[in-house]
Amino acid sequence: MIKFLIEKEFKQMLRNPFLPRLILIFPCMIMILMPWAANLEINNINLNIVDNDHSVLSRRLTDKIGASTYFRTIDLPDSYKEALQAIEVGTADIILEIPRDFEKDWVNGRSPHLLIAANAVNGTKGGLGSVYLSSIINDYTRELQTESPARVSKATSSEYTEQTESPLRIVNTGRMLPKVDITTHNLFNPHLNYKLFMVPALMVMLLTMICGFLPALNIVGEKEVGTIEQINVTPVSKFTFILAKLIPYWLIGIIVLTLCFLLAWLLYGILPVGDFITIYLFAVVFIFVVSGLGLVISNHSATLQQAMFVMWFFMLILILMSGLFTPIHSMPNWAQQIASFNPLKYFVEVMRTIYLRGGGFSDLFSRLGVLFAFAVFFNLWAVRSYKKSN
């Protein structure tokens, strides 16, 4: 009996000319566009430099900042007031003001000041941009120290303000102090490639959208056209009916995941450090979870419109609180407790662990237990909530 029901589901799916195309095109578009768009790195910051000194040292600093990939030197205005107008109209993000006698103060051992003023309307861009600029300036002071080690000893850190004088202070003390060398090793992602962090999580989002949305719309669509009444009058049990509804989407989920693996390798050269078998095992359990959730929503929805709104409501919350874009540990404690009931959170952790760190089954066993509990809960709910009555 279940064989014919599964055959009926595939035939019904193929009769829709849009659905097979959606299943193939949607993952391709997400994998091609989203790793470039969903990028939290700050680049191409528009910078105005007000050089009141016009000395050799100030020009070297300007050239060093211009060589950075983080900043675009938009203009070199003559005054701070003119640069501030550029921020107000939105053509500049940060102002760096180099004071008069910058080189003279440095040579004579006095403390020159640099002013960094950032547009903090976008707090992330303003804050990170100021940190990037301060890091470049600190690196520049270390270069000057190397060139004149007998006189230059120390460059203090910078402070960021918005349109206030909290300057970068460069201090000459006339005596040598010990220097601390810091060596940084970036573990698991040595080149800080943001795509390596995002692509595994995007695969989770794709499985959620396809294997969650499609089952949710399936039963409701049959309710609206009346074909489900023919199933209700047959001796098919609720469990068999639900299983026949889910198996096609389980197979579709595995196909979509395999397609994502192929695209990640072809487009970005990203392959998991761990093995594919572990990923497929967790993916099967996760597909059980989201497809069961979709059927629960469809059982409690009377129309396609209602099912779409309810499903989209849950998807937004699940995706935003899964750690896809923002870390779970950065959320407030109450939000972290809510996120602990989000199955997407656990599968995102699994994918990133396998892809970046090469974690094995033993490292992820606890997350497998949580996902399995979610799968049992939602699928039992789907079976019990389906009513074979009109």
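The values are calculated or read from the model by the stated rules, or taken from the named source; none is laboratory data. Since this is a predicted model, take the numbers as computed values, not measurements. Cβ: placed from backbone, ideal geometry, glycine included. Neighbour counts: every protein chain shown.
General remarks:
- Test: residue in segment 256-263 that is out of contact with any Leu (no Cβ under 8 Å at 6 or more places or on another chain), under 19 Å from Met13 (Cβ atoms), among the β-branched types (Val, Ile, Thr) and surrounded by fewer than 16 Cβ atoms within 10 Å (Cβ to Cβ): yes
- Among residues of segment 351-374, those that are surrounded by fewer than 17 Cβ atoms within 10 Å (Cβ to Cβ) and among the basic types (Lys, Arg), counted: 1
- Meets criteria (surrounded by 14 or more Cβ atoms within 10 Å (Cβ to Cβ) and assigned to a helix (DSSP H, G or I)) for Glu229: no
- Among the residues of segment 312-343, those that are within 23 Å of Leu196 (Cβ to Cβ) and of a type in the set (Val, Ile, Thr) comprise Ile319, Thr326, Ile328.
- Selection status of Asn299, surrounded by 15 or more Cβ atoms within 10 Å (Cβ to Cβ) and in contact with a Leu (Cβ under 8 Å, 6 or more places away or on another chain): no
- Sole exception among (1) outside the structural domain of Val220 (by TED's automatic domain parsing); (2) modelled with pLDDT of 90 or more; (3) not aromatic (Phe, Trp, Tyr) for Asn390, by number: (2)
- Unmet criterion (only one of (1) modelled with pLDDT of 90 or more; (2) out of contact with any helix residue (DSSP H, G or I) (no Cβ under 7 Å at 6 or more places or on another chain); (3) more than 24 Å from Lys245 (Cβ to Cβ)) for Leu281: (3)
- Checking Gly274, Gly253 one by one, the residue that is surrounded by 13 or more Cβ atoms within 10 Å (Cβ to Cβ) and either at pLDDT below 85 or part of a helix (DSSP H, G or I) (or both) is Gly253 and no other.
- Screening segment 57-73 for residues that are aliphatic (A, V, I, L, M) and crowded, with 17+ Cβ neighbours inside 10 Å and picking the one that is farthest from the chain's Cα centre (by Cα) gives Leu57.
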